Every structure is written in C-alpha cells, then in structure tokens.
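Have a look at the structure below, then the notes.
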Amino acid sequence: MTRGHVTPGRLWIAVFVVWGIILTGVFAGFFGPPGIVQAVRLRSLLAQKTGKTALIETEIARLDAEIKRLEKSTVAQEREVRRVLGYVGSDELVFDFKETQK
C-alpha cells in the first residue's frame, strides 16, 4: 500500500472528519450556524422562554385572583385605597414621622 493511495476507508474517515468539523461550528462565522448547533441553541432558548412564560402565567393568575377579590369585597377595596392612595378614615389619626426640611 502506498502512502498517497486513497482507499474507501480513508475516504469515509475524511468525510466524517470534515462533517464533524462543520458540526462543531468552527466555520459558523463564515457560513452561518450549522443545523445541529442551531437546533441545540433553539431548544435552549425554548426552555428559557417556557420557564419565563410559566412565571408570567403564575403572576397573571395571582393578579386575576386579586382582581376578583377587589371586585367582590368592599373591605378589600377600602384597604387597597388606603394603602395605595394614603386615605384616612374620619375616626383615624395619622402620625407623620418624616423629618421636615429646615
């Protein structure tokens, strides 16, 4: 067997080596990402977005429950108005502990 002789085994090894190099993404800057690398990245991105979606859906469910509570209960409405807007009842005293500027 001579050194420069191409055998089918060597040809297949060369094909697999070139294919492996392409799949690693070494040439991604020149030709764009290869399919498998891009698929892995997209699956990772999908997992991230799915997690964020689940968190947002949980927050929406919590806010929906709060909306229903506020729509049904006048006590909850009054408490929320007092908390957010700082309203005071006619029979309540307010102590302001903030320092005044001189």
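The values are calculated or read from the model by the stated rules, or taken from the named source; none is laboratory data. Small disclaimer: the values here were computed from a predicted structure and weren't measured. We place every Cβ from the backbone using ideal geometry, glycine too, and count neighbours over all the protein chains shown.
Total residues in region 70-82 satisfying the condition of being modelled with pLDDT of 90 or more and among the charged types (D, E, K, R): the figure is 2.
Among residues of region 79-102 that are among the hydrophobic types (A, V, I, L, M, F, W, C), those with a beta-carbon under 9 Å from a residue that is surrounded by 10 or more Cβ atoms within 10 Å (Cβ to Cβ) and not in a loop (DSSP other than H, G, I, E, B) at least six positions away or on a different chain give the pairs Val88/Arg82. Whenever a residue of region 18-33 is modelled with pLDDT of 70 or more, its partners that are part of a loop (DSSP other than H, G, I, E, B), lying with C-beta atoms within less than 6 angstrom and at least six residues away or across chains, give the pairs Ile22/Pro34; Leu23/Pro34.
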